[in-house]
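Q: Please see the structure below; I have some questions.
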Amino acid sequence: LTALHQALTHHRHQPLLVTATAGTTDTGQIDPLTAIADLCTTHGAELHIDAAYGGPLLFSPTHRNKIHGLDRAHSVTLDLHKLGWQPAPAGILAVPHRNHLTPLHHQAPYLNADDDTEAGLPDLLGRSLRTTRRPDALKIAVTLQALGRTGLADLIDRTLTTAHHLADLIDKTPTLDLYHHPTISTVLFRPTNATDTTVATIRRTLLTRGHAVLGRAHADNRLWLKATLLNPHTTPHHLHTLLDLVTQLTHDLAEGNTPR
């Protein structure tokens, strides 16, 4: 926040846009949105919030406080293929008022000629930046209608509870290190005293054997296994199985059994 204040002060005579994050890809961390919004108000800067990951926490009365201040953004992006269980292309750019999208409007005679639009034909360029691509927004709308806020909140709460359960299991396993308890549903961990090479080998081996799909992330100058919990039907048995696989593979590598 101090560095942001200094940057905004230094560039005060220029148009300013601040981008904050509500759920980083690597760790799921959330910026202090309210404090950032306060600075933007003070310095006359616009605020964009990348809420691709954490935005759906709005549905959950239990967790929506984590993204308090989201409503003060001038624009927000949401990517509902994570905590919305949608196809990957089903993203949203949200603004407070439709006229804020005017700079994005384009005209192409073969898609939205003035006389066609005035005659009532759909203006594809005015509906989506993706124009003639498949209408994935419909899938978002159907999900919202079918599940409602309560249904989505239940799925989100169960998913985040599972992530915290995984973190607790890692914390209680003496041969594993936990990076931090999750902010959303991303859990970083690694075998104790393992090298980055070993961590990378474990991830690739679990993947190629078809046992588990884990991500990877660098934090505190070390490589971590990244478990991004997104399935509300994940059970404790699944979590125990995952940790057993990592522990056994770590042991095999230490014994010199090189995976193929």
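Q: Checking Arg203 against (1) open to solvent by less than 80 Å² (accessible area, probe 1.4 Å); (2) part of a strand (DSSP E or B); (3) not aliphatic (A, V, I, L, M), only one condition comes out false. Which one?
A: (2)
Q: Of the residues Ala52, Ala37, which single one is open to solvent by less than 90 Å² (accessible area, probe 1.4 Å), at negative phi and part of a loop (DSSP other than H, G, I, E, B)?
A: That would be Ala52, the only listed residue that is open to solvent by less than 90 Å² (accessible area, probe 1.4 Å), at negative phi and part of a loop (DSSP other than H, G, I, E, B).
Q: Is it true that some residue in the range 68-91 is acidic (Asp, Glu), free of Cβ contacts under 8 Å to residues at least 40 places away in the same chain and touching a Phe, Trp or Tyr at 6+ places or on another chain (Cβ under 9 Å)?
A: Yes, some residue in the range 68-91 is acidic (Asp, Glu), free of Cβ contacts under 8 Å to residues at least 40 places away in the same chain and touching a Phe, Trp or Tyr at 6+ places or on another chain (Cβ under 9 Å).
Q: Output the residue which, of all residues in the range 178-199 that are open to solvent by less than 10 Å² (accessible area, probe 1.4 Å) and not in a loop (DSSP other than H, G, I, E, B), is nearest to Ile67 (Cα to Cα).
A: My answer is Thr186.
Q: Additional query: Give all pairs with beta carbons closer than 9 Å in which a residue from the range 104-127 that is within 28 Å of Ala94 (Cβ to Cβ) meets a residue that is of a type in the set (Gly, Ala, Ser) and part of a helix (DSSP H, G or I); count only pairs at least 6 apart in sequence or on separate chains.
A: His105/Gly126; His106/Gly126; Asn112/Gly126; Thr117/Gly126; Arg127/Ala137
Q: While we're looking at this one, here's another question. With the range 108-172 as the region, which helices (runs of 4 or more DSSP H) entirely inside it contain at least 1 residues that are surrounded by 11 or more Cβ atoms within 10 Å (Cβ to Cβ) and small (Gly, Ala, Ser)?
A: Correct list: 124-127, 137-171.
Q: Given the criteria within 28 Å of Leu214 (Cβ to Cβ), hydrophobic (A, V, I, L, M, F, W, C) and in contact (Cβ under 8 Å) with a residue 12 or more places away in the chain, does Ala51 qualify?
A: On the way: within 28 Å of Leu214 (Cβ to Cβ): yes; hydrophobic (A, V, I, L, M, F, W, C): yes; in contact (Cβ under 8 Å) with a residue 12 or more places away in the chain: yes.
Against the criterion (within 28 Å of Leu214 (Cβ to Cβ), hydrophobic (A, V, I, L, M, F, W, C) and in contact (Cβ under 8 Å) with a residue 12 or more places away in the chain), Ala51 qualifies.
Q: Would you pick out the residues in the range 64-82 that are touching a Leu at 6+ places or on another chain (Cβ under 7 Å), in a loop (DSSP other than H, G, I, E, B), under 24 Å from Arg127 (Cα atoms) and open to solvent by less than 40 Å² (accessible area, probe 1.4 Å)?
A: Within the range 64-82, Ala73 is the sole residue that qualifies.
Q: Something else now. Which one is nearest to the chain's Cα centre (by Cα), of the residues in the range 211-236 that are under 23 Å from Ala254 (Cβ atoms) and part of a loop (DSSP other than H, G, I, E, B)?
A: Checking each candidate, the answer is Leu214.
Q: Surrounded by fewer than 20 Cβ atoms within 10 Å (Cβ to Cβ), in a helix (DSSP H, G or I) and not hydroxyl-bearing (Ser, Thr, Tyr), is that true of Leu245?
A: For Leu245, the condition - surrounded by fewer than 20 Cβ atoms within 10 Å (Cβ to Cβ), in a helix (DSSP H, G or I) and not hydroxyl-bearing (Ser, Thr, Tyr) - is met.
Q: So Gly210 ticks every box in (1) of a type outside the set (Phe, Trp, Tyr); (2) loosely packed, with under 13 Cβ neighbours inside 10 Å; (3) touching a strand residue (DSSP E or B) at 6+ places or on another chain (Cβ under 9 Å); (4) without any contact (Cβ under 8 Å) to a residue 24 or more places away in the chain but one. Which box is left unticked?
A: Checking Gly210 against (1) of a type outside the set (Phe, Trp, Tyr); (2) loosely packed, with under 13 Cβ neighbours inside 10 Å; (3) touching a strand residue (DSSP E or B) at 6+ places or on another chain (Cβ under 9 Å); (4) without any contact (Cβ under 8 Å) to a residue 24 or more places away in the chain, the one that fails is (3).
Q: Leu57 - would you say it is closer than 26 Å to Val18 by Cα, crowded, with 19+ Cβ neighbours inside 10 Å and in contact (Cβ under 8 Å) with a residue 24 or more places away in the chain?
A: yes
Q: May I pose another question? Has the range 94-101 got any residue that is surrounded by 11 or more Cβ atoms within 10 Å (Cβ to Cβ) and under 30 Å from Ala227 (Cβ atoms)?
A: Yes, there is a match, as at least one residue in the range 94-101 is surrounded by 11 or more Cβ atoms within 10 Å (Cβ to Cβ) and under 30 Å from Ala227 (Cβ atoms).
Q: Looking only at the range 16-34, which residues are open to solvent by 30 Å² or more (accessible area, probe 1.4 Å), part of a loop (DSSP other than H, G, I, E, B) and either β-branched (Val, Ile, Thr) or farther than 25 Å from Leu78 by Cβ (or both)?
A: Thr24, Thr25
The values are calculated or read from the model by the stated rules, or taken from the named source; none is laboratory data. As the structure is a computational prediction, the values presented were derived from the model and not from experiment. Here the Cβ is made from the backbone with ideal geometry for all residues, glycine too, and neighbour counts use every protein chain on show. Note: accessible area is taken over every heavy atom of the protein model, side chains too, but ligands, DNA and RNA are not part of it. Shrake-Rupley method; radii C 1.70, N 1.55, O 1.52, S 1.80 Å.
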